[in-house]
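Novice: First the structure, then my questions, so here it is.
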Amino acid sequence: MKTVLIGVGQAGGKLATALAEFDARMEFGAVSEAIAVNTAKADLQPLPLDTVLIGQDRVNGHGVGGDNELGAEVMQADALEVMDALDGRISSKAEAIWVVAGLGGGTGSGGAPALARELQRVYDVPIYGLGILPGRDEGAIYQANAGRSLKTFAREADSVLLVDNDAFRSSGESVEEGFDAINEAIARRIGLLLASGEAVEGVGESVVDTSEVINTLRSGGIASLGYASAESSESAEENINTVMSTSRRAVLSGASLPNATDADSALLVVAGQPDRIPRKGVEKSRRWLEDETNSMEVRGGDFPLGSERLASLVLLAGVEGTQRLAEFMERARQAVRDAEEPDEDPADAFANDQLEDLM
Ligand SMILES: Nc1nc2c(ncn2[C@@H]2O[C@H](COP(=O)(O)OP(=O)(O)OP(=O)(O)O)[C@@H](O)[C@H]2O)c(=O)[nH]1
């Protein structure tokens with residue numbers, strides 16, 4: 001999927017950088033452009049990307065301090081500057097634009113949905129969100145921001161792939177300490193998804209195509225991405241159990257949004273050397289995925305890769321009903337209730353057709 005990445009806010013900029021660097025290191029060529037947008041000058045400076053500083057008249061380059069309404073206002077006011085920076089970067093080859101943001105802060109949380117709306121008006125390609133949910137031990141303001149942002153982001157973007165910071169945290173390590181490691185882990189997973197159908201050595205009939213990713217995400221709403229890998233044998237026959245086990249682990253313990261199994265649609269990508277990928281193992285895994293997700297719309301394909309390992313990448317779309325998301329939304333609602341001066345009725349704050357079942 002020829003992709004243009006736009007990182008919004010500090011986390012968005014760092015994650016867009018990690019993704020662009022992973023894609024370049026692997027020579028996939030899926031990320032064609034990457035830019036970072038922020039209200040904080042100091043957060044943009046260390047990034048090796050082209051950057052756009054917004055909201056200078058309001059916050060003078062100092063960030064919005066967790067105020068996501070201000071983040072949204074500033075993005076609306078300065079969207080033209082971001083659009084100007086994108087001008088000429090979105091070629092006719094671009095297949096999607098991904099807006100990347102941490103949903104707990106102010107700039108990314110408020111700005112990403114506002115930017116997605118603007119992009120939808122101008123570009124014909126799908127506009128996807130890559131949103132980072134705050135960890136459980138982050139403060140109430142982060143939870144409240146993310147709750148508000150998520151409902152708007154899911155409405156404005158064609159689909160929002162969620163990453164739970166807690167899902168990638170090693171034990172004993174605070175979220176803060178682990179950011180670089182988390183960003184690397186996320187970049188590897190999303191990077192492989194974006195490259196599916198791109199860097200194809202030896203095209204075969206079962207090779208995954210970009211359109212499979214786009215069709216899977218067509219369900220809209222919230223998406224999750226799972227990943228697991230294992231050593232493989234030279235003979236495909238001996239790898240049947242390996243593929244079945246990596247596919248299960250990808251969903252059950254390696255998902256970007258844990259405990260998300262009920263889905264509207266799914267895509268299973270098996271990456272590795274083509275002659276090591278067992279057709280029977282892939283078929284069985286797809287059938288297992290149909291049962292596990294309760295969806296009949298399960299796509300699949302191979303990703304030929306010169307590695308000794310085999311990996312399963314499982315994209316689930318339309319996972320709004322998941323337990324983890326319900327817990328998160330409850331935490332976000334509680335944070336809004338606990339706020340001293342809620343500026344809106346908490347029920348209104350989360351009213352959204354697509355997330356209605358969580359209410
Ligand atoms: N995975 C990951 N999460 C991050 C990173 N940096 C911050 N976060 C998370 O993102 C949220 C904060 O968002 P930031 O991007 O720092 O904030 P911002 O959008 O720049 O907004 P302001 O600082 O308020 O202007 C929190 O939930 C953090 O846990 C990072 O490098 N990686």
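Novice: Is there a residue in segment 212-221 that is within 16 Å of the ligand (Cβ to nearest atom), under 16 Å from the mean Cα position of the chain (by Cα) and surrounded by 19 or more Cβ atoms within 10 Å (Cβ to Cβ)?
Specialist: no
Novice: Let me ask something else about it. I'd like the full set of residues that are among the hydroxyl-bearing types (Ser, Thr, Tyr) and touching a residue at least 60 places away in the same chain (Cβ under 8 Å), limited to segment 225-256.
Specialist: Residues satisfying the conditions are Tyr227, Ser229, Ser232, Thr242, Thr246, Ser247, Ser256.
Novice: Right, another one. Here is a list: Ala140, Ala146. Which entry is outside the structural domain of Ala263 (by TED's automatic domain parsing), within 18 Å of Arg337 (Cα to Cα) and modelled with pLDDT of 95 or more?
Specialist: Only one candidate qualifies: Ala146.
Novice: Quick one: in segment 48-60, of everything that is assigned to a loop (DSSP other than H, G, I, E, B) and within 11 Å of the ligand (Cβ to nearest atom), which residue is farthest from Ala11 (Cα to Cα)? Show your work before the answer.
Specialist: We begin by selecting, within segment 48-60, every residue assigned to a loop (DSSP other than H, G, I, E, B); these are 48-49, 54-55, 60.
This time we only want the ones that are within 11 Å of the ligand (Cβ to nearest atom), so: 54-55.
On the way: Ile54: 16, Gly55: 18 Å.
The extreme case among them is Gly55.
Novice: Under 6 Å between Cβ atoms, which residue pairs at least 6 apart in sequence (or on different chains) link something in segment 132-143 that is within 8 Å of Leu103 (Cα to Cα) with a partner that is open to solvent by 60 Å² or more (accessible area, probe 1.4 Å)?
Specialist: Sorted first by the residue in segment 132-143, then by its partner, the pairs are Pro134/Tyr142.
Novice: Within segment 149-183, count every residue that is outside any loop (DSSP other than H, G, I, E, B), of a type outside the set (Lys, Arg) and either closer than 23 Å to Pro113 by Cβ or modelled with pLDDT of 95 or more (or both).
Specialist: Count: 19.
Novice: Identify, please: which residue in segment 15-46 is in contact (Cβ under 8 Å) with a residue 24 or more places away in the chain, part of a helix (DSSP H, G or I) and among the small types (Gly, Ala, Ser) and is, among those, nearest to the ligand (Cβ to nearest atom)?
Specialist: Top of the filtered list is Ala18.
Residue-wise test of (1) open to solvent by 10 Å² or more (accessible area, probe 1.4 Å); (2) in contact with a strand residue (DSSP E or B) (Cβ under 7 Å, 6 or more places away or on another chain); (3) polar (S, T, N, Q); (4) part of a helix (DSSP H, G or I).
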| residue | (1), (2), (3), (4) |
| --- | --- |
| Pro258 | yes, yes, no, no |
| Glu283 | yes, no, no, yes |
| Asp291 | yes, no, no, yes |
| Ser295 | no, yes, yes, no |
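Novice: Checking Gly12 against (1) within 14 Å of the ligand (Cβ to nearest atom); (2) open to solvent by 40 Å² or more (accessible area, probe 1.4 Å); (3) in a helix (DSSP H, G or I); (4) not β-branched (Val, Ile, Thr): exactly one of these is not met. Which one?
Specialist: (2)
Novice: Something else: Given Arg155, Arg188, Arg148, which one is open to solvent by 10 Å² or more (accessible area, probe 1.4 Å), within 18 Å of Arg324 (Cα to Cα) and either charged (D, E, K, R) or more than 13 Å from the ligand (Cβ to nearest atom) (or both)?
Specialist: It is Arg148.
Novice: For Ala271, are the conditions met, namely being under 24 Å from the mean Cα position of the chain (by Cα), closer than 19 Å to Gly321 by Cβ, outside the structural domain of Glu156 (by TED's automatic domain parsing) and surrounded by 18 or more Cβ atoms within 10 Å (Cβ to Cβ)?
Specialist: In short, no.
The values are calculated or read from the model by the stated rules, or taken from the named source; none is laboratory data. These numbers come from a predicted model, not from an experiment. Cβ atoms come from the backbone with ideal geometry, glycine included; neighbour counts cover every protein chain shown. The protein model used for the area step is the full one, side chains on, heavy atoms only, and it has no ligands, DNA or RNA in it. Shrake-Rupley method; radii C 1.70, N 1.55, O 1.52, S 1.80 Å.
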